[in-house]
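For reference, the structure I am asking about is given below.
The values are calculated or read from the model by the stated rules, or taken from the named source; none is laboratory data. Computed from a predicted structure; not experimentally measured. For neighbour counting, all protein chains shown are included, and Cβ atoms are generated from backbone atoms with ideal geometry for every residue, glycine included.
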Amino acid sequence: MSEVMEEKTLTRKDFVSDQEVRWCPGCGDYAILAQMQKVLPDLGIPRENIVFVSGIGCSSRFPYYMNTYGVHSIHGRAPAIATGVKSANPDLSVWVITGDGDALSIGGNHFLHCLRRNVDLKVLLFNNRIYGLTKGQYSPTSLEGHRTKSSPMGSIDYPLHPLSVAVSAEATFVARTQDTNIKHLSQILQRAAAHKGTAFVEIYQNCVVFNPTAWDHTTDSDVKDDNILYLEDGKPLIFGKDRDKGIRMNGLQPEVVNLSDVDEQELIVHNESEDNPHYAYMLSRMEDPHMPLPFGVLRSVSRPTYDELLLDQVDQAVEQKGRGDLDQLFKSGDTWTVE
Amino acid sequence: MAENPAVSEAFDHEHLADERRSVVILFSGDSGDGMQLTGDQFTNTSAVLGNDVSTFPDFPAEIRAPAGTIPGLSGFQVNFSADELYTAGDSPQVLVAMNPAALKANLSELDSGGILIVNTDAFTRNNLRKAGYDANPLEEENAFGEYELVKVPLTTLTRNALEDIDSLSTQARDKCKNAFALGLVYWMFSRPLENTVRFYQTKFAKMPDVVEANTRALKAGYNYGDTIEAFSGRVRVPSRAVVEPGIYRRITGNEAVVYGLVTAAQKAQLPLFYGSYPITPASPILEGLAGLKNFDVRTFQAEDEIAAMCSIIGASFAGSLSATASSGPGIALKSEAINLAVVMELPMVIINVQRGGPSTGLPTKTEQADLLEVLFGRNGESPIPVVAPATPGECFFYALEACRIAIRHMTPVFLLTDGYIANSSEPWKIPDVDQIEEIKAGNRTDPEGYQPYMREAETLARPWVVPGTPGLEHRVGGLGKQDVTGNVSYDPEDHEHIVKTRAAKVAQIANFISPLQIDGPEEGDLLVLGWGGTYGAIREAVTRCQAKGYSVARGHLRSLNPFPSNLADVLKRYRRVLVPELNMGQLAFLLQAHYLVEVEKLNKVQGRPFQIREIMEKIEALLD
Ligand code: SF4
């Protein structure tokens, strides 16, 4: 009963911890933190049932600022720790806060395996295409040729596409949003929270200090609408400042067409629940300058979660063998008695 | 009765038998020859008859090294006795060699006067070449002069016995030759066949023809012994006279760890979360626990060692009793996360089943060279309690004890075992479950005055508060922190204070553990001090030296961090201290550093346990 009461009375403030926030002024992390604190009271989850787990990096300071349970762990390992948390207590709402270096470089393995297992976790990847906390080295999402302190002649690594990695790793929920687009961000956080299974969200996040121009093409008001495709389930893929462009298939490739030339009927209709991952993968590969960047939910399919299956097996075992009895266990197999 | 002579008349010949207090048999053959199963059956039957038993299986490192070669050998040594046993025996008195490689590799170990049973059918040119023989040693005159050689065409005899079981292929029938060999050994030691027949019936329940074939081969082997009177005489090893009453079973160290963890979870009334990545020789713990889900055991086979460790930190944070196991290389990978557990001050158990190192090393062989790894193999000041059981059976108690320490003191705890005690077995008196003390694992729920790193005076443990508890929301992490509040702090005083507090917390565990027990004179010339799986060899060696009149005492450490509080005092009472270890002297190094004592070392790093005589020789050399 107290839970019901609390649900109603919780406000943004209840989720603000007493710790002083220490990101650089103007950092995109502030907006994400604020949206999270705004969204949580509406989810109807008791505050004590919420856990934030992070790794290492600027974004990973996040749990300290949330007045919930939290673990600020070690570099790259948050998905593995969160898997343990959720397996121990599936009633908890468990959020993983990570960055491009944390999730895709040092923690790549855990990231992949948490997605494929479909552990019921919400994984938010703050992508700023740079190592911020260590003061500006190139990251696994930095573009080729990016000049940083550790790549003075330009990065010679080919970048990873976080959404493509997620789709390939069997993710059941894959979405993208942005720190500056508060409304969209808040919608996507709510969608992620509502998904049962690993919900992966890539958030374009601005590192104002070390990579301030990374997302200009998605934030500058004169170009952003031509560069972003907002996905809506069941609706054709249309974008552009004047909503005059669409995407259709040309053979095996998507192409941008002008709606003045092409009938809307020919456009691809977004279907986020398409079970086959090909379509979501195709979306995940759409990139500027030739294609718009999809924002929104690329994929949302339902599959039993790891934590659910794990506890199902416990229940099944109890049903089949009865609740474990130590004495019986010890005496299974050959025994003998000494009088 | 006429149909079943072997089963019912097993003991009629007893009056003919020569009596011995104990015998060591080594079964050796190709890894596909079923030697583990054969040895296991002989051991079970002997244990049920009331002998003490101790076994030592020796597996090849490769799953299927080339058949017929020495690297492809799989061995099972069993020591069975009318008296209390501590080891699987230094050397066998009976060697069952299923092929030339088994003969070549093990003959030098066989005691002079020992019995050598060979499968002559396997001594083909090809097999001889693979074993590195130029000529067939069985054809050489007097080649085995000091042994009693029993040549048995095992394959042929087995085929003959199973001739009319048409439903099985020749290959399947040939597999039963181990049953024939076992039957022959059963005859030799006047053992009944019932146990093994029952075992075949259960194991192959779905394949009646396989049950029939094995049973028939077993009996044929038994009757063969009777018919040919191959041996100079049968041997009888009587049951033990004085054994503590109770119900017994055999147990390996890994099985005992599984039981200990499950028992701890039940006694703490918590679910058990076990996160692990497969690694030799620790995997049987994962497999064992995966079969016990009806005890609310949640097993997580992680993507790597790091994830396994991290998952148990998460599970512990969320309120489960949690544990992981690995071996040296995996512990190395886990070490960063282990340090997170140290600073988060959460209860969990990390098991290191040591194997030969460094690097991949000798995965299937035993060693004790990870003591310094678990104590010091991490960055920063990182105190972790370490407990080390001495025998397979003790693994039960110390797994339980490790969980108890972890929860009472809110700390990760290392349970250090090794390949030897993990895989070898001994009789285990089944404990009375009700007599096992509960583990108090209450989670704090009272928000009044709560601080994440407030501490209990006696243990310095912080409260275990789990998510889901209203009003106690808090954040913990790996950054430097202030004691009591747990807030991030880089303040020099705060840092030094919490580092010292963690050290004091672990040191204080000494107030809760048993003092070191001494066997032998309370003071004198020599103390032999050991730890872990060398217990049996040390104990037997010291007992024999004492019987010879040497003044020597013995102690065995189960807690390596902290050391028992009486250790300093004990060390002072002897003129010399000998530390036998399967490493280059790691405990010796610690003792010298902690107590400024001079330590005599006996070290062996061959991937094998100590032999009793090796330790006796050292003791005698020191005292003569
Ligand atoms: S370095 Fe960049 S990402 Fe880190 S806090 Fe500053 S602006 Fe934000």
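Out of A:Gly70, A:Gly101, A:Gly84, report the one residue that is more than 18 Å from B:Gly319 (Cα to Cα) and at pLDDT 95 or above.
On inspection, the qualifying residue turns out to be A:Gly101.
Consider the stretch A:231-290. How many of its residues are assigned to a loop (DSSP other than H, G, I, E, B), of a type in the set (A, V, I, L, M, F, W, C) and touching a residue at least 24 places away in the same chain (Cβ under 8 Å)?
The total comes to 5.
Please work out if B:Val506 is buried (at least 19 other Cβ atoms within 10 Å of the Cβ) and either modelled with pLDDT under 95 or touching a strand residue (DSSP E or B) at 6+ places or on another chain (Cβ under 8 Å) (or both).
Answer is yes for this residue.
Condition (residue is assigned to a loop (DSSP other than H, G, I, E, B), in contact with an Asp or Glu (Cβ under 8 Å, 6 or more places away or on another chain) and closer than 27 Å to A:Asp233 by Cβ) applied to the stretch A:307-314: is it met by at least one residue?
no
B:Asn443 is checked against (1) exposed (fewer than 14 other Cβ atoms within 10 Å of the Cβ); (2) within 11 Å of another protein chain (Cβ to nearest Cβ) and fails just one. What number does that condition carry?
(2)
Now for a separate question. What residue, among those in the stretch A:297-339 that are in contact (Cβ under 8 Å) with a residue 12 or more places away in the chain and over 23 Å from B:Gln301 (Cβ atoms), is surrounded by the most Cβ atoms within 10 Å (Cβ to Cβ)?
Checking each candidate, the answer is A:Leu298.
Of everything in the stretch B:307-329, what is surrounded by fewer than 24 Cβ atoms within 10 Å (Cβ to Cβ) and within 28 Å of B:Lys365 (Cα to Cα)? Give them in sequence order.
The one that is surrounded by fewer than 24 Cβ atoms within 10 Å (Cβ to Cβ) and within 28 Å of B:Lys365 (Cα to Cα): B:Pro329.
Taking only pairs six or more apart or across chains, which ones have beta-carbon atoms under 6 Å, a first residue in the stretch A:23-45 that is over 14 Å from A:His184 (Cβ atoms), and a second residue that is within 9 Å of the ligand (Cβ to nearest atom) and of a type in the set (Asp, Glu)?
From residues that are over 14 Å from A:His184 (Cβ atoms), the pairs are A:Trp23/A:Asp29.
A follow-up question, please. Any residue that is surrounded by 21 or more Cβ atoms within 10 Å (Cβ to Cβ) and more than 29 Å from A:Gln328 (Cβ to Cβ) - is there at least one of those in the stretch B:244-256?
no
Count, please, the residues in the stretch B:358-381 that happen to be under 20 Å from B:Ser424 (Cβ atoms) and either part of a loop (DSSP other than H, G, I, E, B) or among the aromatic types (Phe, Trp, Tyr) (or both).
9
Identify, by number, the condition in (1) buried (at least 24 other Cβ atoms within 10 Å of the Cβ); (2) more than 13 Å from chain B (Cβ to nearest Cβ); (3) among the small types (Gly, Ala, Ser); (4) within 12 Å of the ligand (Cβ to nearest atom) that A:Ala103 doesn't meet.
(4)
Inspect the stretch B:344-366 for any residue being farther than 24 Å from B:Arg444 by Cα, buried (at least 24 other Cβ atoms within 10 Å of the Cβ), within 13 Å of another protein chain (Cβ to nearest Cβ) and β-branched (Val, Ile, Thr) and give the result as yes or no.
Checked the stretch B:344-366: no residue is farther than 24 Å from B:Arg444 by Cα, buried (at least 24 other Cβ atoms within 10 Å of the Cβ), within 13 Å of another protein chain (Cβ to nearest Cβ) and β-branched (Val, Ile, Thr).
How about the stretch A:112-126: which of its residues are surrounded by fewer than 24 Cβ atoms within 10 Å (Cβ to Cβ) and in contact with a strand residue (DSSP E or B) (Cβ under 6 Å, 6 or more places away or on another chain)?
If the condition is that a residue be surrounded by fewer than 24 Cβ atoms within 10 Å (Cβ to Cβ) and in contact with a strand residue (DSSP E or B) (Cβ under 6 Å, 6 or more places away or on another chain), then A:Lys122 is the only one that fits.
How many of the residues making up the stretch A:128-164 are in contact (Cβ under 8 Å) with a residue 24 or more places away in the chain, out of contact with any helix residue (DSSP H, G or I) (no Cβ under 7 Å at 6 or more places or on another chain) and away from the ligand (no atom under 16 Å from the Cβ)?
Counting residues in the stretch A:128-164 that are in contact (Cβ under 8 Å) with a residue 24 or more places away in the chain, out of contact with any helix residue (DSSP H, G or I) (no Cβ under 7 Å at 6 or more places or on another chain) and away from the ligand (no atom under 16 Å from the Cβ) gives 1.
Kindly indicate whether any position in the stretch A:72-88 is more than 10 Å from chain B (Cβ to nearest Cβ) and under 24 Å from A:Thr177 (Cβ atoms).
No: the stretch A:72-88 contains no residue that is more than 10 Å from chain B (Cβ to nearest Cβ) and under 24 Å from A:Thr177 (Cβ atoms).
Restricting attention to the stretch B:279-288, does a residue exist that is facing chain A (nearest Cβ under 10 Å) and in contact (Cβ under 8 Å) with a residue 12 or more places away in the chain?
no
Here's something else I'd like to know. I'd like to check which strands (runs of 3 or more DSSP E) are fully inside the stretch B:47-111 and have at least 3 residues that are touching a strand residue (DSSP E or B) at 6+ places or on another chain (Cβ under 9 Å) and free of Cβ contacts under 8 Å to residues at least 60 places away in the same chain.
Of the strands (runs of 3 or more DSSP E) lying wholly inside the stretch B:47-111, those with at least 3 residues that are touching a strand residue (DSSP E or B) at 6+ places or on another chain (Cβ under 9 Å) and free of Cβ contacts under 8 Å to residues at least 60 places away in the same chain span B:73-81.
Look through the stretch A:1-45, keep the residues that are loosely packed, with under 13 Cβ neighbours inside 10 Å, modelled with pLDDT under 90 and within 14 Å of chain B (Cβ to nearest Cβ), and return whichever of them is nearest to the ligand (Cβ to nearest atom).
That would be A:Thr9.
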